[in-house]
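Structure first, then comments.
The values are calculated or read from the model by the stated rules, or taken from the named source; none is laboratory data. As the structure is a prediction and not an experimental result, all values here were calculated from the model. Cβ atoms come from the backbone with ideal geometry, glycine included; neighbour counts cover every protein chain shown. Note: accessible area is taken over every heavy atom of the protein model, side chains too, but ligands, DNA and RNA are not part of it. Shrake-Rupley method; radii C 1.70, N 1.55, O 1.52, S 1.80 Å.
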Amino acid sequence: MTRYIFITGGVVSSLGKGLMAASLAALLQARGYRVRIRKFDPYLNVDPGTMSPYQHGEVYVTDDGAETDLDLGHYERFTGVSARQSDNVTQGRVYQTIITKERRGDYLGATVQVIPHVTDEIKAFALADTDDIDFVLCEIGGTVGDIESLPFMEAIRQLHNDLDRGQSIFVHVTLVPYIAAAGELKTKPTQHSVRELTSLGIQPDILLCRCEHPLPESERRKIALFCNVRPEAVIPALDASSIYGVPAQYHAEGLDAEVLRAFGIEGAPVPSLERWDDIMDRQQNPEGEVTIGVVGKYVGLPDAYKSLHEALTHGGFANRVKVKIKWIDAELFEKGDDVAAFLEPMHGILVPGGFGVRGSEGKIASVRFARERNVPFFGICLGMQMACIEGARNTAGIAAASTTEFGETSEPVVGLITEWMSAEGLQKRTAETDLGGTMRLGAYPAKLTGNSVVAGIYGTDEISERHRHRYEVNAGYREPLEKGGLIFSGMSPDGTLPEIVERPDHPWFVGVQFHPELKSKPFDPHPLFASFIEAAVKQSRLV
Ligand code: GLN
């Protein structure tokens, strides 16, 4: 039987519901259960693919090519379970589905309404593809009381009734703020939030209370009394110093035991938390430190590069070092700031994915610095494209090299992909195609040159990685670029699309068209990140 855990949030946003869901799933998994985590987003965009990273943080891409909420990245990193298209549903997609059906005449003349049509569609999403799963955790985005989230709240209320007794529970995540002037933790916002939830017909089974200070037993009892839950079901969630310490912390507070109790499950296996203990040991007892400069555009909001941040940290775990990240605004180098002054202290330089011309000359200047000064360099997606343009301009004598993304150019070293093969067959695009959901998205295989640096790093010459891009390096420039030392060491299986470039005569210089950061796990660091950080450690011994 598949059981459902519905997770809502109250009081304020940014409580870390996604991390909470991921940590609870990891704990259930550590007890031997099969888990899946889903996210419902109440906004009206069909997916976050067209939203600015400043609005929404990173867009997380799944193997099956969905552009999803960054919480799905946490889910994958904590459980190792690959997220799928069906694990993230927005209200926009729900309405898109309903309106398509309505236009087709599927409703046979009925008036289409929020209840039951919207709620039925949400319920269908919650229940789809879960046959072999023990626990499905469904996180509802937003905060109780939001107008947008009402259909989702109503749908989970109905589902609780539709499912067998004991087949679903509600976990509500709240905030217990500390008022410094009074020197007290305050439970009233939690009480109000639960009242709001119960007015929607949802009585939480478990409250997870985020707090900056330990929750005294008296306050725990008070919350239990006023919110109609058992005192043991009020779980304090103190701020954690590391996200990877959260599963063990929640376990110590009794969260997973309480969840099993709420389902009436007795005699569940004790969780094995060695995996998490090992990660924490690596994080808390590093044997060194390296500094990586990330030269990008959205540096004001770390969430915009969430997976990248985590993958670099995982590379540190692999080498038992702490990775310090310096987020550097590429535009600074266009406004006259000295590249060398910023980049000289770095043990590695990374140019991440991105869109648009702003900051691009600063990124190209950073690639040049890394190449000329023999500093480990990692270019991801747009970062690889910038590495190719830099190579074309400065090592192949093609001064006008550019990408058609930035406007017309006589030397399109990077150009729009108009045709490529996918699992679904030949894909075709033009400059006029819609922006939403039309990039080269999701997992694609690549073939690596046998004796290349990257084949050595991966330990194989066939890989599959996730993509999200509209432009590609133009294979027509392969010869001059390779003459300049930039080798095309990974290609799409049909040999048409460059996937990886490298400079074998440099200590570590790799550019990849895909996003390896999306597949890195704390307990299974991505080989490219492990190798890049290893090179940075060597560099740190030189400077
Ligand atoms: N803007 C580039 C493209 O669309 C790179 C995209 C990215 O870095 N994700 O090809």
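Using only Cα atoms, find the angle between the long axis of helix 382-395 and the longest principal axis of the chain, and express it within 0 to 90 degrees, rounded to the nearest 10.
Around 10 degrees separate the two axes.
Compute the accessible area per residue over the range 96-179, keeping the other protein chains in place, probe 1.4 Å, unit Å².
Each residue of the range 96-179 exposes 48 Å² on average to a 1.4 Å probe.
Would the range 1-142 count as rounded, prolate or oblate if I go by the C-alpha gyration tensor, calling it rounded below 1.5 in a/c and otherwise prolate when a/b exceeds b/c, oblate otherwise?
Values: a/c = 1.86, a/b = 1.40, b/c = 1.32.
Taking the square roots of the gyration eigenvalues as a ≥ b ≥ c, the range 1-142 is prolate.
Once Lys and Arg get +1 and Asp and Glu get -1 on their Cβ, which of Ala340, Val234, Gly300 lies farthest toward the positive end of the dipole of the chain?
The one lying farthest along the dipole's positive direction is Val234.
Taking a cut-off of 17 Å between Cα atoms, list the lysines near Lys222, but don't count ones fewer than 8 places away on the same chain.
Straight-line reach from Lys222, under 17 Å: Lys186, Lys188.
How large a share of the accessible area of the chain, in percent, is made up of carbon and sulfur atoms when the probe is 1.4 Å and the other protein chains stay in place?
Carbon and sulfur atoms account for 49 percent of the accessible area of the chain.
Using per-residue counts of other Cβ atoms within 10 Å, averaged over each peptide, order 512-519, 199-206, 7-14 from highest down.
Going by the mean number of other Cβ atoms within 10 Å, highest first, we get 512-519, 7-14, 199-206.
With the cut-off at 20 Å, tell me which of the pairs Lys447/Lys519; Lys363/Lys521; Lys306/Lys326; Lys322/Lys521; Lys306/Lys335; Lys39/Lys322 have Cα atoms farther apart than that.
Values: Lys447/Lys519 18 Å; Lys363/Lys521 27 Å; Lys306/Lys326 14 Å; Lys322/Lys521 16 Å; Lys306/Lys335 27 Å; Lys39/Lys322 31 Å.
Correct reply: Lys363/Lys521; Lys306/Lys335; Lys39/Lys322.
When only C-alpha pairs under 8 Å and at least 6 residues apart count, what is the relative contact order of the chain, in percent? Can you show the working numbers first?
On the way: 1109 pairs, mean separation 81.0, N = 543.
Rounded, it is 15 percent for the chain.
Would you mind getting me the FRET efficiency between Lys324 and Asp277? Use the beta-carbon distance for r and R0 = 25 Å, nearest 0.05.
Given R0 = 25 Å and the Cβ-Cβ separation, E is 0.55.
Would you mind computing, in nm to one decimal, how far apart the modelled labels at Val81 and Glu334 are, each placed 7 Å from Cα along Cα→Cβ?
The answer from the label model is 4.3 nm.
With every protein chain left in place, what is the accessible area of Trp420 in Å² (1.4 Å probe, nearest 10)?
Counting only protein heavy atoms, Trp420 exposes about 10 Å² to solvent.
For the range 479-534, what does the accessible surface come to per residue with a 1.4 Å probe? Please give it in Å².
On a per-residue basis, the range 479-534 sits at 30 Å².
Obtain the nm distance between the two label points defined at Glu217 and Val270 by a simple spin-label model: each point lies 7 Å from its Cα along the Cα-to-C-beta direction.
Here the modelled spin labels are 2.5 nm apart.
Name the shape class, rounded, prolate or oblate, that the alpha-carbon gyration tensor gives for the range 437-512, where a ≥ b ≥ c are the square roots of its eigenvalues, rounded holds for a/c under 1.5, and otherwise prolate holds if a/b is larger than b/c and oblate otherwise.
Numbers: a/c = 1.92, a/b = 1.30, b/c = 1.48.
The shape class here is oblate.
Can you give the relative contact order of the range 167-284 as a percent, counting alpha carbon pairs under 8 Å and 6+ residues apart?
Reported as a whole number, the value is 23 percent.
For the pair Leu542/Ser422, report the inter-label distance in nm, with labels modelled 7 Å from Cα in the Cβ direction.
Each label point lies 7 Å from its Cα, and together they span 4.1 nm.
With every protein chain kept in place and ligands, DNA and RNA left out, what is the accessible area per residue of the range 326-372? Probe 1.4 Å, answer in Å².
Computed with neighbouring chains in place, this is 41 Å² per residue.
Would you calculate a helix-derived [θ] at 222 nm for the chain, using -39,500 (n - 2.57) for each DSSP H run of n ≥ 4 and dividing by the full residue count, to the nearest 500?
Counting only the DSSP helices, I get -10500 deg cm²/dmol.
Explain nothing, just the number: dipole magnitude of the range 1-107 about its Cα centre with +1 on each Lys and Arg Cβ and -1 on each Asp and Glu Cβ, in debye rounded to the nearest 20.
480 debye
What ranking, highest mean first, results for peptides 379-386, 308-315 when packing means the other Cβ atoms within 10 Å averaged over each residue?
Details: 379-386: 26.9, 308-315: 25.2.
In descending order of packing, they fall as 379-386, 308-315.
Round to the nearest 10 and give me the degree value, 0 to 90, for the angle of helix 274-284's Cα axis relative to the longest principal axis of the chain.
Approximately 60 degrees, to the nearest ten.
Please sort 36-45, 390-399 by packing, taking for each peptide the average over its residues of neighbouring beta carbons within 10 angstrom, highest first.
Per-residue Cβ counts within 10 Å, averaged per peptide and sorted highest first, yield 36-45, 390-399.
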